[in-house]
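A short write-up of the structure that comes next.
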Amino acid sequence: MKKDIENRKDINFLIQYFYNKLKNNQNMSVFFENTNFEQHLPRMCEFWDFIIFSTPNIYKGSLMPIHQHLHEKLPFSIENFQTWVDNFCETADTFFEGKNTETAKQAAKDIASTMKYKILGNLGRKFDFKVE
Ligand code: HEM
C-alpha cells in the first residue's frame, strides 16, 4: 500500500519528479528550455502546498497571467494540456494514494481545464480531458 501526500517533503518529491518527466517529454521539453528550476521549483511546490493543505499566503505568484504570457511567446496546444495532466496524475499514482493524492489530481484537472479555456477560448472548451 502506498502512502498519501502528507507533508511538504512529499510535495517536493512529487513536483520535482513530475517536472523532470515534463522536461524529458518530447512534446513538452521546448517549454522548459529557459526555465531556471532552482528558482521555479520552490514556487511550484508552494502552489501545491496551498492547493493540497490550504496553507495560507504561501503561494505569491499569479498563475494565469504567467501562463498567458508563456503561451503568447510559444503557443500551448490542446495536446500539451492533456500531456501535462496525464504526467501529473501518472506521477502522483506511481508514488502516492489516498485523499490528498485524489485532491491533487482533481485540482490538476480542474485548474488545467480553466487554464485551457482561458488561454485557448472556445477551442479549449470543446475538448474535455479524457477520464482514466
Ligand atoms: C500546457 C500546459 C502547461 C505548460 C506548457 C506549462 C509551462 C510552464 C512553464 C514553462 C513554467 C515556468 C515559467 C518560467 O520559466 O518563467 C510554468 C510555471 C508554473 N506552472 Fe505551468 N504549464 C502548464 C500548465 C500548468 C497547470 C495546469 C498548472 C497548475 C495546475 C501549472 C502550474 C504552474 C506553476 C504553479 C508554476 C510556477 C509559477 C510561478 O512562478 O509563480 N502549469 N509552467
query = Of the residues PHE88, PHE37, PHE47, which exhibits the maximal mean-square fluctuation in a Gaussian network model of the chain defined by a 10 Å Cα contact cut-off?
reply = PHE37
message = Quick check: convex hull over the Cα atoms of the chain, volume per residue in Å³, rounded to an integer?
response = 109 Å³
query = Using θ = phi - 60° and the Karplus form 6.51 cos²θ - 1.76 cosθ + 1.60, what ³J(HN,Hα) does each residue of segment 51-67 get, whole Hz, x for Gly and Pro?
reply = 5, 7, 10, 6, 4, x, 6, 8, 9, 10, x, 10, 4, 5, x, 4, 6
note = Per GNM of the chain with C-alpha springs under 10 angstrom, the most fluctuating residue out of MET115, MET44, MET64 is MET64
request  = Taking all protein chains together and a probe of 1.4 Å, list ARG43, ARG8 from the most accessible to the least accessible.
outcome  = ARG43, ARG8
ask   = Hey, in the GNM for the chain with a 10 angstrom Cα cutoff, which one of LYS99, LYS21, LYS60 fluctuates hardest?
value = LYS60
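The values are calculated or read from the model by the stated rules, or taken from the named source; none is laboratory data. Computed from a predicted model, the values in this text were never measured in an experiment. When the accessible area is computed, the model is the full protein with side chains, heavy atoms only, and any ligands, DNA or RNA have been set aside. Shrake-Rupley method; radii C 1.70, N 1.55, O 1.52, S 1.80 Å.
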